[in-house]
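First comes the structure, then the notes that go with it.
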Amino acid sequence: MAGVPGLEPRTSEAAAIQGEFWRWLDLVFTHQDALEREDLIGYAGELGLDVDRFIQDIDSDAVAARIERDLESAEASGAHATPTFFIEGRRLLGDYDARTLAAALESSRRGTRTRETSSGKG
């Protein structure tokens with residue numbers, strides 16, 4: 001997304017604080033040609049967010065710290081691109097086509113059922 005570097009993650013987090021992360025992403029995605037600070041604040045108003053709180057949150061150290069922690073966590077886990085998939089806490093390597101993902105999930109489910117049966121749960 002174009003616009004002010006680093007601002008969009010802050011605005012997404014600020015919308016999330018008010019419980020509107022997904023509606024925010026849907027709206028911003030349709031306006032990728034208008035992502036300046038004023039545009040983003042306007043979208044907050046369109047969604048009915050508390051705009052004063054939204055502005056305070058996008059400028060807050062707490063939101064900046066949250067984003068930094070998320071970036072550090074992604075880096076530490078090996079998530080260098082989108083999408084990155086994890087199954088049972090392990091990063092899925094290779095292709096991300098539907099067949100590969102389904103096979104990895106099915107394999108994981110079989111492993112879970114096997115462990116539950118052998119431990120007396122199933």
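Values in this text are rule-based calculations from the coordinates and carry no lab data. Keep in mind that what you see is a predicted model, and the values were worked out from it rather than measured. So basically every Cβ, Gly included, is an ideal-geometry build from the backbone, and we count neighbours across all protein chains shown.
So who's got an amide H within less than 5 Å of the one on Ile87, skipping anything under 5 residues away but keeping other chains? H placed 1.01 Å off N, in plane.
Leu92
Taking the dipole about the Cα centre of the chain, with the C-beta of Lys and Arg at +1 and of Asp and Glu at -1, give me whichever of Phe54, Ala14, Ala76 is farthest to the positive side.
Farthest towards the positive pole: Ala76.
Divide by every residue of the chain the summed helix terms, -39500 (n - 2.57) for each DSSP H run of at least 4, and state the resulting mean residue ellipticity at 222 nm, rounded to the nearest 500 deg cm²/dmol. Could you put the intermediate results ahead of the total?
On the way: 6 runs with 76 residues, N = 122.
Computed ellipticity for the chain at 222 nm equals -19500 deg cm²/dmol.
Order the peptides 62-75, 87-100, 30-43, 9-22 from the highest to the lowest mean number of other Cβ atoms within 10 Å of their residues.
On the way: 62-75: 12.7, 87-100: 10.4, 30-43: 14.5, 9-22: 18.6.
With the highest mean Cβ count within 10 Å placed first, the list reads 9-22, 30-43, 62-75, 87-100.
How high is the relative contact order of the chain? Use alpha-carbon pairs under 8 Å, at least six apart in sequence, and give a whole percent. The partial results should precede the final answer.
Working: 76 pairs, mean separation 25.6, N = 122.
21 percent.
If you place +1 on the Cβ of every Lys and Arg, -1 on the Cβ of every Asp and Glu, and leave all else neutral, what size is the dipole of the chain about its Cα centre, to the nearest 20 Debye?
Using only the charged Cβ atoms, the result is roughly 1180 debye.
Relative to the first principal axis of the alpha-carbon coordinates of the chain, what is the inclination of helix 61-77, with its axis defined by its Cα atoms, in degrees from 0 to 90 and to the nearest 10?
30 degrees
Using only Cα atoms, tell me the angle between helix 7-17 and the longest principal axis of the chain; keep it within 0 to 90° and round to the nearest 10.
In the chain, helix 7-17 runs at an angle near 70 degrees to the longest axis.
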